Amino acid sequence: MEKDLNGRNSETDRHRDVLIDRLYEVAMDPGRAVELLEQWETLVKPMRDSADKHEHILLNDSAMEEHISRADRFLERYANTLEPPNERQALIDSFDMAAAFLVESDLNIGILNAGAQAALQISEGAPVSSLPVDEADLPSLMRQMRDMLEGRGPNMSLFRVRATDCGHFIIFRIRLRKLRDGAQALVVATSELAWPPEFDSILGEAFSFTQTEVDIVRMLIECCSVKDIADQRGRSIDTIRAQIKSILAKTATRSQVELIRLILSMMDMTGFAVAGPATTEAWSRGYIPNSNNQGAATLHTTFAPDGRRLDYLIWGDPNGKPCVLLHVEIGMSRWPKLGEQAARKAGIKIITPIRAGYGDSTPLPNKADFTAGVIDDIMHVLKAENVDRFSVISLCADVRFGAHIEKHSPGRMTGLVAVAGTPPPDSVSDYDHMDLWQRFLLVCARYTPHLLTFTVKAGFLMARKYGQRKFLEHVYGKSKADIEQFNDPDIWEAVITGIQICLSDTHSAHKAFARMISEEIKGWHDEFSALEGKVPVHFINGTMDAQATMEIITPFFRDHPWVTYELIEGAGQLLIYSHWDKALKKIGQF
């Protein structure tokens, strides 16, 4: 390898210089954080082999520290230039090409997205009566909107109405939102898509569809029934059924539902289509009750002995068996509505302590042991709720906190369910099996900790500028299973609502996030092994998890036969949002 006259590795120096350039580029535009990660990987990966033998801190010199400090000051200036987000715009920003719009108190269309303009042919300021809804259905839709705005209706409703051409149905998903200026508005998402003309040829090339088959697929996407399609095309129902059967065969799908899911996924991949509805309420810090009061989440506050504020969330059955939910670094503190209601039906009381530095929970002192502080705070919350015995659901790497709970308070935990559980680190080579973001966070914490907080902060600012969805797509983008979940409206609502305690337009938990990652790399084999014979432990993992990969969990399960586990084929790291029933079932058995 080429060296200069002073014996330095010139290639390494070149990569280091590029990394420094990337630091300043990210400070000016956090959207370039991925480029920083890629350059860091290029520089650090070859250095790790020698570092592993002695646990070296890499790039640990005064010059690099100064560059990071200076870049961080620029990043802080950038953060101060970000204007407060347009609240109305933020409510529909994550819909992409699905038709979505706001309805203001005067029953006029407010801010709308490109999908609404293209598919519904409406414009801002137009009356609701201009929607392309059949005249027989329009009065009831308008009446429902008016009742919701005036407080006489539910906070959420679904409407299925005929389009003006009577050729298909349109589904309206309507949610009432109270805005920061005190006004009421309705967030309306519809099943209408702006079908791009280019997509016809894409489907034809991918599946050898005829134009007739493309037209039928489009009508199925538009919620047309077989009878509707037959009537519009002047064909018999049997003919249409035969054509749909041919379409299913060409796409190797077994049902119309599976076909529609495939087509929507293809639209996503080609950059055309749907996203779930954005229901972010940044001012609520994520504590949004369900549309009815059954099992609605409630926010509680207690105080630690040192006076720090400790918030916690309760949902499910308030008188049920207590279960602590550990919300992991990203702050996954909520489940889809059906999951939260299922906890109530199962007689389980979910208690989610909001970690120090998240939401309004006071951060721990800088020099405090973070893991010990988290466990102490959990115990203070349980004391406030008069809970002695409890089970635990941990998400991802938070299984380590479950192990520390038993060490701190032996005999009180009745069982631990690790959803997408990440085992204790066995070897630094495990990191090579992870995707870029997950690998960066853990390896950076181990080898370049001085860079960790800057990069996490830049990532959070990227989310503020470009939206939480784009940020989450960067983090989970390599897992198709996780990204597909974002297209489910109820799951997207749970995701975007729950992470408000970590990342919102008004709050950033990047410091606490970075401290948690730094704790995650520490060994906790002994604490986990001590659970054997004392606390039943059950792992629920997906085969497409980008962090707890199959290469990592397979030997772990083999070496820990006392741990029970189940693998969910095709699921990713965010499987709790669609498989909460498995966690509740296991908790019930404890």
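The values are calculated or read from the model by the stated rules, or taken from the named source; none is laboratory data. Values in this document were obtained by computation on a predicted structure and should not be read as measured data. Please note: Cβ atoms are built from the backbone with ideal geometry, for glycine as well, and neighbour counts cover all protein chains shown.
Of all the residues in the range 552-590, those that are in contact with a strand residue (DSSP E or B) (Cβ under 6 Å, 6 or more places away or on another chain) and acidic (Asp, Glu) number 1.
Among the residues examined, Ile496 does not qualify as of a type in the set (A, V, I, L, M, F, W, C), within 25 Å of Ile405 (Cα to Cα) and surrounded by 22 or more Cβ atoms within 10 Å (Cβ to Cβ).
Give, as residue ranges, the helices (runs of 4 or more DSSP H) completely inside the range 464-516 that count at least 3 residues that are closer than 30 Å to His450 by Cβ.
Fully inside the range 464-516 and qualifying: 468-476.
Filtering the range 8-19 for residues that are assigned to a helix (DSSP H, G or I), under 31 Å from the mean Cα position of the chain (by Cα), at pLDDT 80 or above and crowded, with 20+ Cβ neighbours inside 10 Å leaves a non-empty set.
Here is a yes/no grid of residues against (1) modelled with pLDDT of 70 or more; (2) assigned to a helix (DSSP H, G or I); (3) small (Gly, Ala, Ser):
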{"site": "Met64", "(1), (2), (3)": "yes, yes, no"}
{"site": "Ile68", "(1), (2), (3)": "yes, yes, no"}
{"site": "Ala79", "(1), (2), (3)": "yes, yes, yes"}
{"site": "Gln89", "(1), (2), (3)": "yes, yes, no"}
{"site": "Ser94", "(1), (2), (3)": "no, yes, yes"}
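If we scan the range 481-490, do we find a residue that is closer than 29 Å to Pro365 by Cβ, in contact with a helix residue (DSSP H, G or I) (Cβ under 6 Å, 6 or more places away or on another chain) and buried (at least 23 other Cβ atoms within 10 Å of the Cβ)?
No, the conditions are met nowhere in the range 481-490.
When Leu120, Leu176, Leu138 are screened for being among the hydrophobic types (A, V, I, L, M, F, W, C) and touching a Pro at 6+ places or on another chain (Cβ under 7 Å), only Leu120 passes. Condition check: of a type outside the set (A, V, I, L, M), more than 27 Å from Ala530 (Cα to Cα) and in contact with a Pro (Cβ under 8 Å, 6 or more places away or on another chain). Does Gly357 satisfy that? Judged against the criteria, Gly357 is a match. The single condition among (1) buried (at least 23 other Cβ atoms within 10 Å of the Cβ); (2) closer than 24 Å to Gln589 by Cα that Ala356 does not satisfy is (2).
Is it true that Ser361 is in the same structural domain as His408 (by TED's automatic domain parsing) and assigned to a strand (DSSP E or B)? Here the answer is no, as Ser361 does not meet what is asked. From the list Ala445, Ala397, Ala418, Ala463, the one residue that fits, being at pLDDT below 75 and either of a type in the set (Phe, Trp, Tyr) or within 23 Å of the chain's Cα centre (by Cα) (or both), is Ala445. Entry remark, the range 346-371: residues being on the phi < 0 side of the Ramachandran plot and touching a residue at least 24 places away in the same chain (Cβ under 8 Å) number 18 in total.
For the range 337-348, does any single residue satisfy the condition of being basic (Lys, Arg), at pLDDT 90 or above and over 24 Å from the mean Cα position of the chain (by Cα)?
Within the range 337-348, one or more residues are basic (Lys, Arg), at pLDDT 90 or above and over 24 Å from the mean Cα position of the chain (by Cα).
When restricted to residues that are of a type in the set (A, V, I, L, M, F, W, C), in contact (Cβ under 8 Å) with a residue 60 or more places away in the chain and either outside any helix (DSSP H, G or I) or under 27 Å from Leu441 (Cβ atoms) (or both), the range 550-590 contains 10.
Taken over the range 485-515, the criterion of being farther than 23 Å from Gln341 by Cβ and within 13 Å of the chain's Cα centre (by Cα) is satisfied by Cys502, Leu503, Ser504. Selection of the range 226-249 for residues being in contact (Cβ under 8 Å) with a residue 12 or more places away in the chain, surrounded by fewer than 16 Cβ atoms within 10 Å (Cβ to Cβ) and under 37 Å from the mean Cα position of the chain (by Cα) yields only Ser246.
Evaluate the range 529-549: report whether one residue or more is at pLDDT 85 or above, in contact with a Lys or Arg (Cβ under 8 Å, 6 or more places away or on another chain), in a loop (DSSP other than H, G, I, E, B) and not charged (D, E, K, R). Looking through the range 529-549, at least one residue is at pLDDT 85 or above, in contact with a Lys or Arg (Cβ under 8 Å, 6 or more places away or on another chain), in a loop (DSSP other than H, G, I, E, B) and not charged (D, E, K, R). Of the residues making up the range 517-556, those that are surrounded by fewer than 14 Cβ atoms within 10 Å (Cβ to Cβ) and closer than 24 Å to Met413 by Cα are Lys522, Gly523, His525, Asp526, Ser529, Glu532, Gly533, Lys534.
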